[in-house]
Every structure is written in structure tokens, then in C-alpha cells.
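Participant: Take this structure, written in C-alpha cells, and hold onto it; I'll ask about it next.
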Amino acid sequence: MPLSKSASKVNLLSLSTRTEIDRWIAKYPPDQKQAAVMAALRLAQDQNGGWLAVDLIEAVAEYLEMPPIAVHEVATFYTMYDLKPVGRHKVCVCTNIACQLNGSARIMKHLQQRLGVKPGETTAGGKFTLKEVECLGACGGAPMMMIGKTYHENLTPEKVDEILDKLG
């Protein structure tokens with residue numbers, strides 16, 4: 001049964017988030033608005049400080065007129081979505097084949113030692129969250145990581161330390 005207006009979760013999405021989702025919906029045929037689900041989840045996650053609460057996932061489902069389970073499936077499949085709070089800086093290290101062959105395991109080990117956390121964990125104080133992710137599409141610059149929306153390529157432990165030291 002659809003939610004009543006009073007129980008609607010759509011209002012959990014800010015007006016600016018809904019406006020941006022509408023821009024994505026407009027890119028698809030009118031009967032295919034669910035095609036905007038990945039963009040809608042990213043926008044909801046950005047609105048919420050970098051993670052998706054269950055209510056936000058359900059708000060996206062309601063807004064796109066999709067079954068909530070279908071949106072949960074997308075949110076849990078892709079590593080770009082986080083289902084728990086993250087640090088101010090999300091450090092995503094690619095461990096796919098090109099990066100693996102070029103030393104991403106060494107970079108990941110260095111980050112774990114430097115930050116004192118394992119993949120999926122956040123440092124005390126909430127400054128960094130460390131994530132191991134699949135291909136980020138920068139194989140020519142392997143090994144690489146993404147922090148926020150910035151790619152850092154051709155990493156060495158020393159370069160990683162320089163990058164981390166510059167983050168506030």
C-alpha cells in the first residue's frame with residue numbers, strides 16, 4: 001500500500017536534491033524514470049554527509065516510484081554507496097587487476113598502518129574512512145585512489161603521505 005502523504009519519506013530529500021534528481025529523470029524516457037536511480041542515490045548520499053540511511057533509500061524509491069527493495073539492491077551492490085556514516089575524507093583505493101599488479105596491496109597496507117584502520121572502518125575522530133573498491137577507471141595511473149571526487153594516481157607510500165598531510 002502506498003504511503004500516505006503524512007507518512008511520505010520524499011520530504012527527507014531536500015528540495016535541491018529533488019530538483020537535481022528531476023534533471024536526471026529528464027534524461028530518460030518518461031516511463032523510465034527509475035533509470036535515474038544511481039544518480040538519485042548519489043545525490044541523497046551527498047545530501048546526508050556521505051552515507052545513505054535506510055529512510056533515504058526508501059525516499060529515493062518512493063520518489064522514483066520503485067519498490068524499495070530494488071533501490072536497496074542498487075545501494076548495496078555498488079561500492080560508491082555507504083550505508084553507515086563515513087569520515088570527512090573517504091579514501092577509496094582501487095584493488096582491481098591493473099592497480100593490484102602495480103602495487104595497490106602495498107598502498108592499502110601503508111594506509112592501514114598510517115590511519116590505524118582496516119578497510120570499511122573510520123578513524124577515531126571521523127577524519128578518514130578507508131575503502132577498498134573495484135576499478136575506478138584510471139588503469140593508466142595505477143595504483144590509484146580517490147579521495148572525495150579527486151583521483152590520485154601513480155601512488156607510492158611517500159606520495160600517499162603527502163596527500164594525507166594536505167587534508168584538513
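The values are calculated or read from the model by the stated rules, or taken from the named source; none is laboratory data. Note that the structure is a prediction, hence the values are computed from the model and not measured. Positions of Cβ are generated from backbone atoms using ideal geometry, with glycine treated the same way; all protein chains shown enter the neighbour counts.
Participant: Which of the residues that make up the range 154-168 are part of a loop (DSSP other than H, G, I, E, B) and more than 23 Å from the chain's Cα centre (by Cα)? Working first, answer last.
Facilitator: First, pick out the residues of the range 154-168 that are part of a loop (DSSP other than H, G, I, E, B): 154-156, 167-168.
The one that is part of a loop (DSSP other than H, G, I, E, B) and more than 23 Å from the chain's Cα centre (by Cα): 156.
Participant: Condition test on residue 46, is it assigned to a loop (DSSP other than H, G, I, E, B) and closer than 30 Å to residue 96 by Cα?
Facilitator: No: the conditions fail for residue 46.
Participant: Hey, residue 40 hits all of (1) assigned to a helix (DSSP H, G or I); (2) over 19 Å from the mean Cα position of the chain (by Cα) but one; which does it fall short on?
Facilitator: (2)
Participant: Could you check the range 130-153 and list, in sequence order, the residues that are modelled with pLDDT under 95, more than 13 Å from the chain's Cα centre (by Cα) and among the charged types (D, E, K, R)?
Facilitator: none
Participant: Looking at the range 44-54, can you tell me whether even one residue there is of a type outside the set (S, T, N, Q), modelled with pLDDT of 95 or more, farther than 22 Å from residue 126 by Cβ and touching a helix residue (DSSP H, G or I) at 6+ places or on another chain (Cβ under 6 Å)?
Facilitator: no
Participant: OK, next. Would you be able to tell me the number of residues in the range 81-95 that are in contact with a helix residue (DSSP H, G or I) (Cβ under 8 Å, 6 or more places away or on another chain), closer than 20 Å to residue 163 by Cβ and either surrounded by fewer than 17 Cβ atoms within 10 Å (Cβ to Cβ) or free of Cβ contacts under 8 Å to residues at least 40 places away in the same chain (or both)?
Facilitator: 1
Participant: Tell me, which strands (runs of 3 or more DSSP E) wholly within the range 57-153 include 1 or more residues that are touching a His at 6+ places or on another chain (Cβ under 9 Å), of a type in the set (A, V, I, L, M, F, W, C) and within 22 Å of residue 47 (Cα to Cα)?
Facilitator: Here the list reads 128-133, 145-147.
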